[in-house]
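Dropping the structure in here first, questions after.
Please treat every number below as a calculation from the coordinates, not as lab data. Small disclaimer: the values here were computed from a predicted structure and weren't measured. Positions of Cβ are backbone-derived with ideal geometry, glycine not excepted, and every protein chain shown enters the neighbour counts.
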Amino acid sequence: MINKEVQNITAAVSYIDDGAVILSGGFGDAGAPISLLEALTKTDVKNLTIVSNNAGEGNYGLAALMKSGKVAKIICSYPISAGSIIFQNLYNNNKILLDVVPQGTLSERMRAAGAGIGAFFTPTSAGTKLGEGKETRIIEGIEHVLEYPLKGDIALILAKKADRLGNIIYDKSARNFSPIMAMAATTTIVQVEELVEVGEMDPELIITPGIFIDYIFVHNK
Amino acid sequence: MINKEVQNITAAVSYIDDGAVILSGGFGDAGAPISLLEALTKTDVKNLTIVSNNAGEGNYGLAALMKSGKVAKIICSYPISAGSIIFQNLYNNNKILLDVVPQGTLSERMRAAGAGIGAFFTPTSAGTKLGEGKETRIIEGIEHVLEYPLKGDIALILAKKADRLGNIIYDKSARNFSPIMAMAATTTIVQVEELVEVGEMDPELIITPGIFIDYIFVHNK
Amino acid sequence: MATTPKIVGLNRKQVAWRIAQEIPEGSYVNLGIGSPEMVANYIPDDREIFFHSENGILGMGPAPEPGQEDGNLINAGKKPVTLLPGGSYFNHTDSFAMIRGGHIDICVLGAYQVAENGDLANWATLDTTKPPGVGGAMDLAIGAKKIYIMMDHLTKDGHPKLMRNCTYPHTGQGVVKTIFTDLAVIDVINKKFIVRELARGLSLEDLQSKTDAPLSLVNNWLTISPPELN
Amino acid sequence: MATTPKIVGLNRKQVAWRIAQEIPEGSYVNLGIGSPEMVANYIPDDREIFFHSENGILGMGPAPEPGQEDGNLINAGKKPVTLLPGGSYFNHTDSFAMIRGGHIDICVLGAYQVAENGDLANWATLDTTKPPGVGGAMDLAIGAKKIYIMMDHLTKDGHPKLMRNCTYPHTGQGVVKTIFTDLAVIDVINKKFIVRELARGLSLEDLQSKTDAPLSLVNNWLTISPPELN
């Protein structure tokens, strides 16, 4: 019988290796897998690349992981939230690399990785500093830039409920990047509030089918 | 107060002009907007291009529309179902143009139209007859072909329930192409079984938000 | 006595009010982070408008009552919001498909500068000591059917923000449709600034003196007549 | 007495059984229209396998009881199916994202021809009088992690189907992993056909005489030992 649940959080993050590209869910705190990120802080892995919309806030979650020195690079759309002090200190001291990607392009590049699209032309960033150096093409009279898939070794995401097969549902706007990151990573680890029986979730309502989920960590057990 | 419901089926199809590109939902009969297609048969429009997975079956729905002589061209993945007699007769008599597109590419091209993607590279059809004449590129060692968006003037789709704002849900595998076609057309007309009050549908369960829906025809009224 | 140097200008709430009047019933609207969020407060009661938030919400409602905040229901500025009946949730990629695919009717954004050809600069200054951050600005700029700009006519230092050419980094090229400032309503038409409304008592000459690019005034121009809002 | 010309060969059900044994627990599997659908009938009872259908189903179950058919719950062959507990529905684009994105572990397809380099021909014949139709075959061919082919070793006319080069139009290039025929189990390794199992009593020479491309036999080859299935 398939059971994707891991027994503890140490096991959940044991699948992450040095140098991994980690897709970290959430928009601000909504949907951020805080516990998984903090468990990762306690491991020996290093030289991580983080892909996430923001660069952490305060001293917890992603910010704590960055503070631990394990993050060599962050790929994100908006690292300048008022609370992103740890990131900004690291950046100012040249302790972390930053790649800023427009939010829709960030999301679409991960979708391309998950959907087997080799590259795509988007009008976003054409003619701007963020489009500099990229291949461009005029399509239907509009300048587009060519963007490539952004694939993760690991996705760390947060959800509301899972079953043992890895079917998951989210809560309100905490859904945000997670369904796409789950598709775009080789291995996806989800932190959920509740494990339910197989068949308990409405099949019309399952947002991420188990095919995209590898390990489930139930947080409030 | 917004109300996207039309009062009768004649009004529903009155938005369709000569030469329109119509995205017609369904996989076989599941999700096919049979009544809308048949109502269209009774209008004076002509020279239509139909985009649909199949080429109709029997004498009803899409097959009836083709039989009426209104369809100049069909873009589909699989027009050779056993029951597609009307299409096959038209094709054999050079009365209809056919463009065969791999099913995933058909769907992805419509998604690109709906999502503002200018073009995309896909490995599907590379090195095959269906990839002939297309721009190709080797990405990560794999040959890809460049595909362009497939936009509709009109989408005709079937759903289970709608509210007056155009939020809709589908039934089981009848969902298939409809959510994507609704995004990819300038004007989307949905045939539904039931109109429900605003707020009655679970916001987590709404598959196509009203932003993609222009007109609602309630079939079993 | 408190003084304000702009005796004829609209205050921020009045600019938000003016923009709200411009939004027809049934519109799907994205309001940028900051001042543009105020536009939602001034939509006429009899108009049904749908607010989109790029983090995956359509049908976003106002801030919740104190104590009713839900950390999983926030807007693009990461502030607690509510969902109206008929609202829905979707993932980020679908949300930006709505934006990039031209499904959002109107997006109201702030700006550092707008050029007469419609170029928009609102994501980065010339200060390179701070890390850059773009968020969804570039996607919104190229994606929404109409880009409305809500901004002060001049910078805090008194420099013009309506320019012949943007000196700040571009967010998008030729994307701005209309600019709503404390002093005027200005359309971008054929790469020119065309003034269609002026604050009470303001002349085109006054406005031109505060504007880098040349302005034209339409014949049937109006005076902006906002209600008192404090 | 009924006669069958292939006295050593497996029947269709036995080939389906053989493929079913090859599918590990937890696999996400797409079965092509036609004979490959039979594979689902022979999955060992203690193995949990998830069947994907390209029209937007994961966790597809067997055909419903007579009278329980639902026209909105059909498989890729448009035949009524059921949904198992834990199954889910999604749109066509998401379904092909699963396929093209390499999330399907195994896809079992029929074929007109397979070439020794793994090229697959299964969507069109050389008959140009009929309209073409490809369905999802090309997406499945390039997308699934492993492509298994279920086919007769020879055409009905006695021509080989395992070829040096496909003479029929390609579905995909270099995509086939393993071919299961009524006579053998053959892997495609480094652009060569490597036989690893033979039907009872069959020699490699017998098999080579029915095959266009050269065959090699692994040292530890096995005899296929299916149960009786009629």
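Quick one: count up the residues across the stretch C:81-126 that are within 11 Å of another protein chain (Cβ to nearest Cβ), aromatic (Phe, Trp, Tyr) and more than 25 Å from C:Pro62 (Cα to Cα).
Total satisfying the criteria: 1.
Same structure again: Tell me, please, whether a residue that is crowded, with 18+ Cβ neighbours inside 10 Å and at the interface with chain C (Cβ under 10 Å from one of its Cβ atoms) can be found in the stretch A:58-73.
For the stretch A:58-73, residues crowded, with 18+ Cβ neighbours inside 10 Å and at the interface with chain C (Cβ under 10 Å from one of its Cβ atoms): absent.
Taking B:Lys46 as meeting all but one of (1) under 27 Å from D:Gly71 (Cα atoms); (2) in a loop (DSSP other than H, G, I, E, B), write down the number of the exception.
Failed condition: (1).
Could you say whether any residue in the stretch D:17-39 is part of a loop (DSSP other than H, G, I, E, B), touching a Gly at 6+ places or on another chain (Cβ under 9 Å) and of a type in the set (S, T, N, Q)?
no
Same structure again: Filter the stretch B:22-57 down to the residues that are closer than 17 Å to B:Ala159 by Cβ and of a type in the set (Asp, Glu) and list them by number.
Within the stretch B:22-57, B:Asp29 is the sole residue that qualifies.
Looking only at the stretch C:163-197, filter to residues that are over 13 Å from C:Ala115 (Cβ atoms), under 17 Å from the mean Cα position of the chain (by Cα) and of a type in the set (A, V, I, L, M); which one of those is surrounded by the most Cβ atoms within 10 Å (Cβ to Cβ)?
C:Ala184
Given the residues A:Leu90, A:Leu36, which is the only one that is buried (at least 18 other Cβ atoms within 10 Å of the Cβ) and over 30 Å from D:Thr93 (Cβ atoms)?
Just one listed residue meets the conditions, A:Leu90.
Give me the pairs: first residue in the stretch B:12-36 and over 18 Å from B:Ser84 (Cβ atoms), second residue aromatic (Phe, Trp, Tyr), beta-carbon distance under 8 Å, and six or more apart or on different chains, which are they?
Between residues of the stretch B:12-36 that are over 18 Å from B:Ser84 (Cβ atoms) and residues that are aromatic (Phe, Trp, Tyr), the close pairs are B:Ala12/B:Tyr215; B:Ala12/B:Phe217; B:Tyr15/B:Tyr215; B:Leu23/B:Phe177; B:Ser35/B:Phe217; B:Leu36/B:Phe217.
Could you tell me which residue of the stretch D:124-154 is surrounded by the fewest Cβ atoms within 10 Å (Cβ to Cβ), considering only residues that are of a type outside the set (A, V, I, L, M, F, W, C) and in a helix (DSSP H, G or I)?
Of everything passing the filter in the stretch D:124-154, D:Gly143 is surrounded by the fewest Cβ atoms within 10 Å (Cβ to Cβ).
Tell me, which strands (runs of 3 or more DSSP E) wholly within the stretch A:108-221 include 1 or more residues that are within 20 Å of the chain's Cα centre (by Cα), more than 10 Å from chain D (Cβ to nearest Cβ) and among the small types (Gly, Ala, Ser)? Explain how you work it out, then say what you get.
Numbers: elements: A:119-122, A:136-139, A:142-147, A:152-162, A:185-195, A:215-218.
Result: A:119-122, A:152-162, A:185-195.
Just checking, does the stretch D:148-163 include any residue being in contact (Cβ under 8 Å) with a residue 24 or more places away in the chain, under 23 Å from D:His52 (Cβ atoms) and hydroxyl-bearing (Ser, Thr, Tyr)?
Yes, that holds for at least one residue.
Continuing with the same structure: Please work out if C:Val29 is of a type in the set (A, V, I, L, M, F, W, C) and in contact (Cβ under 8 Å) with a residue 60 or more places away in the chain.
Spelling it out, C:Val29 is indeed of a type in the set (A, V, I, L, M, F, W, C) and in contact (Cβ under 8 Å) with a residue 60 or more places away in the chain.
If C:Ala16 satisfies all but one of (1) among the small types (Gly, Ala, Ser); (2) under 30 Å from A:Ser52 (Cβ atoms); (3) surrounded by 19 or more Cβ atoms within 10 Å (Cβ to Cβ), what's the number of the condition it fails?
Status for C:Ala16: all satisfied but (2).
Working only within the stretch A:28-57, note down all residues that are touching a helix residue (DSSP H, G or I) at 6+ places or on another chain (Cβ under 7 Å) and within 14 Å of another protein chain (Cβ to nearest Cβ).
Scanning the stretch A:28-57 gives A:Ala30, A:Gly31, A:Ala32, A:Ile34, A:Ser52, A:Asn53, A:Ala55, A:Gly56, A:Glu57.
May I pose another question? What are the residues in the stretch B:104-135 that are farther than 19 Å from D:Ser95 by Cβ and small (Gly, Ala, Ser), if any? So that I can check it myself, show each step before the final result.
From the stretch B:104-135, those farther than 19 Å from D:Ser95 by Cβ are B:116, B:118-119, B:121, B:126-135; that's our starting set.
Scanning the stretch B:104-135 gives B:Gly116, B:Gly118, B:Ala119, B:Ala126, B:Gly127, B:Gly131, B:Gly133.
In the stretch C:47-80, which residues are part of a loop (DSSP other than H, G, I, E, B) and either within 12 Å of chain B (Cβ to nearest Cβ) or touching a Phe, Trp or Tyr at 6+ places or on another chain (Cβ under 9 Å) (or both)?
If the condition is that a residue be part of a loop (DSSP other than H, G, I, E, B) and either within 12 Å of chain B (Cβ to nearest Cβ) or touching a Phe, Trp or Tyr at 6+ places or on another chain (Cβ under 9 Å) (or both), then C:Arg47, C:Glu48, C:Ile49, C:Glu54, C:Asn55, C:Gly56, C:Asn72, C:Leu73, C:Asn75, C:Ala76, C:Lys78 are the ones that fit.
May I pose another question? Checking C:Ile104 against (1) touching a residue at least 60 places away in the same chain (Cβ under 8 Å); (2) not in a loop (DSSP other than H, G, I, E, B): exactly one of these is not met. Which one?
(2)
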